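The values are calculated or read from the model by the stated rules, or taken from the named source; none is laboratory data. This one's a predicted model, so the numbers in the text were calculated from it and none came from an experiment. For accessibility, only protein heavy atoms count, side chains too; no ligands or nucleic acids. Shrake-Rupley method; radii C 1.70, N 1.55, O 1.52, S 1.80 Å.
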Amino acid sequence: MHAHMVGQARLPRDAYNRQRARAPAARAAGWVELTTIEQFMDYYSPYFTVVMGKSQARKQLRALRQTGTVADYIVAEANICAELDFAEDERIDLFIEGLKNPLRNRMWKRKCTTFDDLLNEVNEDDGITTLGAVMEANPDAMDIDAMQ
């Protein structure tokens, strides 16, 4: 079942159809009129998805603030940045800007040059201990999977 555009929603579709119908190359290539919302979205989504995605992600990242734990903030930031390729320095700046004070001020003073270095500094400063850090500090530490 296809949903058809009516009323105001049909205006961009009709403009597209008129423009394409006048193009001889489009008619020769077997061009088909857009008649459903699905066709319309399939045709136009490549023009908007990436640009709107990056724009929206930047807006979300600028608005993101640490309201809970540092670990929760790291996860929230990673979820926003997962699909996008931010410049390293931009990501560092936006991440630090969202941290709570006084942690934010301490991180500005550290002058980290990579995002991974920043995460290490934040985790160390906040006292977050990961299994990897424990194993690195003490290679003989036991990794317990289960207890009976």
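Structure data summary
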quantity	calculated
Apportionment of accessible area to carbon and sulfur, segment 56-115, percent (1.4 Å)	50 percent
Order of exposure, largest accessible area first, which applies to Tyr44, Tyr73 with probe 1.4 Å	Tyr44, Tyr73
